[in-house]
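First the structure, in the form of structure tokens, and then the observations on it.
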Amino acid sequence: QSVAVLGAPFSRGQKRRGVEHGPKVIRDAGLIDRLSGLDYSVHDFGDLNFHYPEKDEPYMDVKSPRTVGGANKKLSTAVSRAVGAGHTLVMLGGDHSLGLGSAAGHAQQCPDLCLIWVDAHPDLNTPLTSPSGNLHGQPVAFMLKELQNKVPDLPGFSWAKPFLSCRDLVYIGLRDVDPGEYQIMKDLGIQYFTMRDIDRLGIQRVMEVTLDHLMARKQRPIHLSFDIDAFDPLLAPATGTPVNGGLTYREGMYLTEEIHNTGLLSVMDLVEVNPVLGASDEAVQATASLAVDVIASSLGQTREGAHRTMISSK
Ligand code: ARG
Ligand code: MN
Ligand code: MN
Ligand code: MN
């Protein structure tokens, strides 16, 4: 089993500087060593090098469309190549606009993938509904086939053809949903679990329903797109759009353990760690180290104990 790690130091899907340093702080928090300590051969593909068009006028309210579109196109090619080579891929962001390129590249290799989006936000605005004009609040809208006639052609996005059906998407952790996003979720009947749902059902039941929903007809590869702001800001303060009342550490570990236990995780994104926004060095370290824990847990680190194959095979 081999894991590839790919950094995407990109921040133009939103307005706050610093999230482009996410890959560096997550690596510095010990990611590669942690993954090597599981039973993987780890291939660090380094960071992508994005180039920026000189002029990138907004499209209506939407900021930097060519820059974001171009970066995502480049990311999608890299992800497709890594998955095609047989790696399980970890994509380190960068802002969450990158979820589009990552999942699109994954879909090129695995057209039957399903998407689990763990986030305080659904990132489902279209260029027409977005209250901010930030593309990190819109990546899912470009993925969904059912939304095709609601998403205008953005400059820089002509490569991005919708590849996902709304039945193949589940949200977990929502607590900040814009009116246009709510409308789309309801109209399309998207399966989602807000923090209130987690309060009511518990994370165990939420994961059970999530996986039953996605695997009802057949087992398929999982794309996990994990926005660090899904966690409570007390745990993950160094992020651009924190919202109170998020996942606890234990809910995050249970969620990711369950994903690992399916044996179906194919690509995961870990996005929106912004070291510039931590109030202190400790705040940044805590956020980065939480990101490492999430990735390790998704890839099989357990709280129960290690199961090195040389000692036993559980
Ligand atoms: N819903 C808001 C917007 O459209 C916030 C999105 C935050 N997204 C994120 N990836 N952190 O701008
Ligand atoms: Mn978010
Ligand atoms: Mn997000
Ligand atoms: Mn395992």
Only strands (runs of 3 or more DSSP E) wholly contained in the stretch 179-297 count here; list those with 1 or more residues that are over 17 Å from Gly99 (Cβ atoms) and more than 16 Å from ligand 1 (Cβ to nearest atom).
191-194
Considering only residues that are open to solvent by 100 Å² or more (accessible area, probe 1.4 Å) and farther than 26 Å from Gly252 by Cα, which ones fall in the stretch 173-185?
Pro179, Gln183
Identify the single condition in (1) closer than 27 Å to Lys145 by Cα; (2) surrounded by fewer than 18 Cβ atoms within 10 Å (Cβ to Cβ); (3) over 20 Å from the mean Cα position of the chain (by Cα); (4) of a type in the set (S, T, N, Q) that Gln108 does not satisfy, given that it satisfies every other one.
(3)
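Quick grid of which residues meet (1) within 16 Å of ligand 2 (Cβ to nearest atom); (2) touching a strand residue (DSSP E or B) at 6+ places or on another chain (Cβ under 8 Å):
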position	(1), (2)
Ala141	yes, no
Asp168	no, yes
Thr194	yes, yes
Gln204	no, no
Take Val79 and decide whether it is buried (at least 18 other Cβ atoms within 10 Å of the Cβ), of a type in the set (Val, Ile, Thr) and over 16 Å from the mean Cα position of the chain (by Cα).
no
Given the options Val276, Val243, name the one that is among the β-branched types (Val, Ile, Thr) and under 16 Å from Val25 (Cβ atoms).
Val276
For the stretch 111-120: of the residues being of a type outside the set (A, V, I, L, M) and open to solvent by less than 10 Å² (accessible area, probe 1.4 Å), which is nearest to ligand 2 (Cβ to nearest atom)?
Asp119
Over the stretch 96-111, the set of residues in a loop (DSSP other than H, G, I, E, B) and over 18 Å from Asp227 (Cβ atoms) is Cys110, Pro111
Go through (1) surrounded by 24 or more Cβ atoms within 10 Å (Cβ to Cβ); (2) of a type outside the set (D, E, K, R); (3) without any contact (Cβ under 8 Å) to a residue 24 or more places away in the chain for Gly189 and report which single condition fails.
(1)
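The values are calculated or read from the model by the stated rules, or taken from the named source; none is laboratory data. As the structure is a prediction and not an experimental result, all values here were calculated from the model. A quick note on method: Cβ atoms are made from the backbone with ideal geometry, for glycine too, and the neighbour counts reach across all protein chains shown. We work out accessible area using only protein heavy atoms, side chains counted, and drop any ligands, DNA or RNA first. Shrake-Rupley method; radii C 1.70, N 1.55, O 1.52, S 1.80 Å.
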